[in-house]
Amino acid sequence: MAMDTFDKKIAVIGGGHIGQALVEGFINSGKIYGNQIIISNPSLSKLTHLEKYGVELTSDNKTAAEKADYVFLSVKPLIVGVVLREISSLLEEKIVISLAAVVSIYNLKKYAKRTNIIRVMPNMAISCNQGVIGYYARGHDKFQVKKLLSTLGTVIKMKKEVDLDLLTLLSGCGPAIVSQFIELLENYGIKIGLSADVSQTTATLTFKGTTAILEQKKQLPSQLIQSVCTKGGISEAILDSLKMNGFQSTFDYSMDSGLSKIRALKDMYNKKQEEYGSD
């Protein structure tokens with residue numbers, strides 16, 4: 001196996017959108033092969049497309065955990081404890097990587113006390129190796145974990161675990177928010193008479209080109225705005241109207257609703273712990 005490949009076995013428990021994105025990202029990286037990955041999900045019908053990569057499918061979480069060196073928990077916060085408890089006896093000498101939002105390492109360790117647990121917050125762009133992956137670890141094999149996560153995109157180490165929840169708003173929710181803006185541009189193009197194909201292509205590639213400028217030229221968004229918005233020009237008129245109509249406050253209000261949802265999920269999780277103890 002080539003020096004830059006990753007030679008460990010990976011289990012992905014939970015075959016939802018982000019679980020499938022993990023598998024696709026690992027395979028697309030060219031550094032991890034299908035026979036190194038096993039993914040478990042109660043229903044296998046929606047995972048059959050992954051078989052073409054040589055990925056092993058199972059409906060048994062224990063089978064997945066037992067075969068792996070790294071176990072990714074790609075399940076919802078309210079059931080992550082149940083899954084961890086189910087596989088806890090199989091996790092010695094393994095590293096567990098939890099994608100469950102709002103559930104702290106402290107709470108996760110209630111179900112698997114002697115297990116190395118790391119929390120990560122990726123986004124859907126990991127499927128094409130352009131993801132943003134925040135992670136928080138407590139003194140484990142961080143180099144190897146970062147090496148593994150780096151196959152999926154850019155890895156950001158969080159100094160405080162609570163910051164992972166905040167990163168969810170920008171990174172985890174980001175693709176949906178950006179897609180909403182792209183759709184707005186596309187729909188407006190159609191509204192004023194452009195074809196659907198032209199509007200869609202233009203809107204999507206405009207976002208792609210904009211991020212390329214910001215990244216390659218290391219510009220701030222404000223600098224690019226200044227470059228595009230000539231005094232008295234069309235772009236200036238559009239942005240001035242957005243400001244006058246409270247675009248920033250509307251956007252902040254909407255993002256704050258996401259922050260409120262995170263707090264509500266934490267409260268819901270904590271309430272569940274109080275009702276069922278550590279179940």
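Some points to look at:
- Helix 234-244 axis versus longest C-alpha principal axis of the chain: approximately 70°, rounded to the nearest ten.
- Neighbour-count order for Leu47, Leu167, Leu184, Leu239, fewest beta carbons within 10 angstrom listed first: Leu184, Leu239, Leu47, Leu167
- Longest segment of the chain lacking GluC sites (Glu not before Pro) that sit in a DSSP loop with at most 15 other Cβ atoms within 10 Å: 162-279
- Distance histogram in 10 Å bins (all Cα pairs of region 215-279, percent per bin): 17, 24, 23, 15, 13, 7, 1
- For the chain, the spread of Cα positions along each principal axis, largest first, Å: 67, 46, 36
- Neighbour counts of other Cβ atoms within 10 Å put Leu148, Leu73, Leu90 in the fewest-to-most order Leu90, Leu148, Leu73.
- The long axis of helix 17-28 is offset from the longest Cα principal axis of the chain by roughly 90 degrees.
- The calculated Kirkwood hydrodynamic radius for region 174-245 is 13.5 Å, given to one decimal from all distinct C-alpha pairs.
- The chain, helix-only ellipticity at 222 nm - DSSP H runs n ≥ 4, -39,500 (n - 2.57), divided by all residues, nearest 500: -15500 deg cm²/dmol
- Residues whose amide H falls under 5 Å from that of Gly153, counting only those 5 or more places apart or on a different chain, are Gly131, with hydrogens built in the peptide plane.
- Working value for region 49-158: equivalent-ellipsoid semi-axes of 20, 19, 13 Å, each the square root of 5 times a Cα gyration tensor eigenvalue, largest first.
- Using a cut-off of 20 Å between Cα atoms, the listed pairs Lys109/Lys266; Lys157/Lys261; Lys9/Lys146; Lys208/Lys261; Lys67/Lys110; Lys110/Lys271 include Lys157/Lys261; Lys208/Lys261; Lys67/Lys110 as exceeding that distance.
- Distant-in-sequence amide H partners of Phe72 (H built 1.01 Å from N, under 5 Å): Ala11, Val12, Ile13, Ile97
- If you take the Cα centroid of region 207-269 and the Cα centroid of region 28-60, the two points sit 37 Å apart.
Any read-out appearing in this document is the output of simple, stated calculations on the displayed coordinates, not a laboratory observation. Worth saying up front: this structure is predicted, and the values here are computed from it rather than measured. Cβ atoms come from the backbone with ideal geometry, glycine included; neighbour counts cover every protein chain shown.
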